[in-house]
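The values are calculated or read from the model by the stated rules, or taken from the named source; none is laboratory data. Computed from a predicted structure; not experimentally measured. Quick reminder, even Gly has a Cβ in these numbers, built from the backbone with ideal geometry, and neighbours come from all protein chains shown.
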2 protein chains.
Amino acid sequence: MAIKNGDFIKLEFTGKIKETGEVFDTTNEEIAKEAGILVENKEYGPIPIVVGGNHLLKAIDEAVIDLDVGDSKEIEVSPADGFGERDSNLIQLIPMKEFKKQGMTPHVGMELTSEGHKGRVLTVSGGRVKVDFNHDLAGKNLEYSIVISDIIEDDEEKIKSMIQLHYSYPNMDLDKTEIKIDGDKVSIKLDEITRFDQKSYMDVTFARFRISKDIWDNMDYEKVEFVDEFEKKVEEGEDQSSEENNESEE
Amino acid sequence: MAIKNGDFIKLEFTGKIKETGEVFDTTNEEIAKEAGILVENKEYGPIPIVVGGNHLLKAIDEAVIDLDVGDSKEIEVSPADGFGERDSNLIQLIPMKEFKKQGMTPHVGMELTSEGHKGRVLTVSGGRVKVDFNHDLAGKNLEYSIVISDIIEDDEEKIKSMIQLHYSYPNMDLDKTEIKIDGDKVSIKLDEITRFDQKSYMDVTFARFRISKDIWDNMDYEKVEFVDEFEKKVEEGEDQSSEENNESEE
């Protein structure tokens, strides 16, 4: 069945810079290894998106329309549709003494962060350091090869795919995630291991909100709840079905 | 009705060191102010406990038995029943150079933390610093005055009292906490503001576990769930009862 907007799909992709053939992103572990961009502990393999959900570049959302499982496609992406044109205002000259103040010795190619923006040192000379705050891929023509791995039809699997996309917790087991659907409400009980997350509750809330929004916007449910259940451990020898738990300590 | 083990109560207390009359802890804001131990942003007033739940000193759990609302009592607590006897092994001589290494200049009365243990400098002389890692109240005879403010009978109020005790989040409104009881299961929807907690999810999990445990141990429920619900916002002009949300973007 041909892919349309709002479909939940899984795809593999590899993105290259057109001019150089350099691979900058891929879902394939072997290709990442060959290109020298392997990220430790990252799970490689097909990634889920909602078509039209802006989870990847818009050009990819558009390219998958009408494809089917197993289809592949090459996409060319202009800078405007990719990571933007290069902006010369984002190249800044910074006095060397600013670096010295912070005990830094800048060198060409060094990456740094200033007020939340990532930059890369272009030149160091005459007591001044030229830093480029453009995105590494700004001004580049890109080529993506994509392969459609799956079109997800089942509602539970759709929901799980959005958890996979938005909820990053190492070793979380999606098979241990319970999903209950009741009318217009989806109830999600995540793998219990996620309760021991060191991330802030607020960060988890934002991830949950993104999952909920993709469900509202693309499925016929209006409420999404996340449930953590704590259950009394019945001690050995005790009857699990017993309703009596009034251990008087008087 | 006289208080017994397992009751949910609220009480006011003030704890003093018997020998000196110095107030070291109190639920009363005025008394805290007078004693110079006022903690900013702390909510003063009666605090909830489960009798026998070890939320305060065991001596207090025992003292409230058979009291009733409005009753007050003076309790004497020996060091053994309070914060322990003083242990001379917990007084340590530390070479001054260890402090210098860390750029610290120790002085008498200075508080410090070493491997998670709080200590206080007793003397500084001859290149050595004597630090006492005993609890400030170790070895002290204590006097508590308590007043029983309330005996909580209602199950919802009991549950809310344990949230108040264990779940510390500034500006959380217990009136915005929804509690549903269904058979042996308690379902708790906390004030939505708590979702933006900067604390780690794990810390929140521990607080929730403590609440759940006090419920299991002292009430006739075996499961406690915490629910965060996310609901689609209906845009203005849209009919809230409408089941149609398939905005086709094709």
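Every residue, every condition in (1) on the phi > 0 side of the Ramachandran plot; (2) surrounded by fewer than 18 Cβ atoms within 10 Å (Cβ to Cβ); (3) out of contact with any strand residue (DSSP E or B) (no Cβ under 8 Å at 6 or more places or on another chain), yes or no:
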| site | (1), (2), (3) |
| --- | --- |
| B:Lys101 | no, yes, yes |
| B:Glu111 | no, yes, no |
| B:Gly116 | yes, yes, yes |
| B:Gly119 | no, no, no |
| B:Gly127 | yes, yes, no |
| B:Lys130 | no, yes, no |
| B:Asp136 | no, yes, no |
| B:Glu156 | no, yes, no |
| B:Lys160 | no, no, no |
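The residues listed here are B:Ser149, B:Ser145, B:Ser187; of these, the one that is of a type in the set (Ser, Thr, Tyr), surrounded by fewer than 19 Cβ atoms within 10 Å (Cβ to Cβ) and more than 30 Å from B:Lys18 (Cβ to Cβ) is B:Ser187. Each residue in the range B:198-234 was checked for being of a type in the set (D, E, K, R), over 16 Å from the mean Cα position of the chain (by Cα) and buried (at least 18 other Cβ atoms within 10 Å of the Cβ), and 3 pass.
Return the residues of the range B:1-23 that are more than 14 Å from chain A (Cβ to nearest Cβ), surrounded by 13 or more Cβ atoms within 10 Å (Cβ to Cβ) and either at positive phi or of a type outside the set (Phe, Trp, Tyr) (or both); say none if nothing qualifies.
B:Ile9, B:Lys10, B:Leu11, B:Glu12, B:Thr14, B:Gly15, B:Lys16, B:Ile17, B:Lys18, B:Glu22, B:Val23, listed by residue number.
Among the residues that make up the range A:172-183, is at least one of them within 8 Å of another protein chain (Cβ to nearest Cβ), surrounded by fewer than 20 Cβ atoms within 10 Å (Cβ to Cβ) and of a type in the set (A, V, I, L, M, F, W, C)? No - not one qualifying residue is present in the range A:172-183. Assessment of the range B:82-90 against the conditions (among the polar types (S, T, N, Q) and modelled with pLDDT of 95 or more) yields no matching residue. For the range B:24-44, what are the residues that are farther than 20 Å from B:Asp136 by Cβ and either within 14 Å of another protein chain (Cβ to nearest Cβ) or buried (at least 17 other Cβ atoms within 10 Å of the Cβ) (or both)? If the condition is that a residue be farther than 20 Å from B:Asp136 by Cβ and either within 14 Å of another protein chain (Cβ to nearest Cβ) or buried (at least 17 other Cβ atoms within 10 Å of the Cβ) (or both), then B:Asn28 is the only one that fits. Determine whether A:Glu74 is in contact with a Phe, Trp or Tyr (Cβ under 9 Å, 6 or more places away or on another chain) and either at pLDDT 95 or above or of a type in the set (Asp, Glu) (or both). Criteria met by A:Glu74.
Every condition in (1) part of a loop (DSSP other than H, G, I, E, B); (2) within 22 Å of the chain's Cα centre (by Cα); (3) surrounded by fewer than 17 Cβ atoms within 10 Å (Cβ to Cβ) holds for A:Tyr169 except the one numbered (3). Taking residues in the range A:159-176 that are in contact (Cβ under 8 Å) with a residue 24 or more places away in the chain, and partners anywhere that are in a loop (DSSP other than H, G, I, E, B) and among the basic types (Lys, Arg), the pairs with Cβ atoms closer than 9 Å and at least 6 places apart or on different chains are A:Ser168/A:Lys199; A:Tyr169/A:Lys199.
Taking the range B:46-65 as the range and being under 14 Å from the mean Cα position of the chain (by Cα) and surrounded by 12 or more Cβ atoms within 10 Å (Cβ to Cβ) as the test, the residues that pass are B:Pro46, B:Ile47, B:Pro48, B:Ile49, B:Val50, B:Gly53, B:His55, B:Leu56, B:Leu57.
Note on the range A:184-205: residues that are more than 10 Å from chain B (Cβ to nearest Cβ) and part of a loop (DSSP other than H, G, I, E, B) amount to 2. Being assigned by the TED database to the domain that holds A:Glu22 and under 22 Å from A:Ile49 (Cβ atoms) is a property that does not hold for A:Ile163.
Of all residues in the range A:206-232, those satisfying the criterion of being of a type outside the set (A, V, I, L, M, F, W, C), within 7 Å of chain B (Cβ to nearest Cβ) and part of a helix (DSSP H, G or I) are A:Arg208, A:Ser212.
B:Thr26: at pLDDT 90 or above, of a type in the set (Ser, Thr, Tyr) and under 22 Å from the mean Cα position of the chain (by Cα), yes or no? Considered against the rule, which asks whether it is at pLDDT 90 or above, of a type in the set (Ser, Thr, Tyr) and under 22 Å from the mean Cα position of the chain (by Cα), B:Thr26 comes out as yes. Please determine whether any residue of the range A:230-238 is touching a Lys or Arg at 6+ places or on another chain (Cβ under 8 Å) and modelled with pLDDT of 95 or more. Scanning the range A:230-238, I find at least one residue that is touching a Lys or Arg at 6+ places or on another chain (Cβ under 8 Å) and modelled with pLDDT of 95 or more, so the answer is yes. For the range B:100-117, the condition of being of a type in the set (Val, Ile, Thr), farther than 30 Å from B:Lys4 by Cβ and not in a loop (DSSP other than H, G, I, E, B) holds for at least one residue.
For the range A:35-62, filtering for residues that are touching a residue at least 60 places away in the same chain (Cβ under 8 Å) and closer than 20 Å to A:Lys158 by Cα leaves 8.
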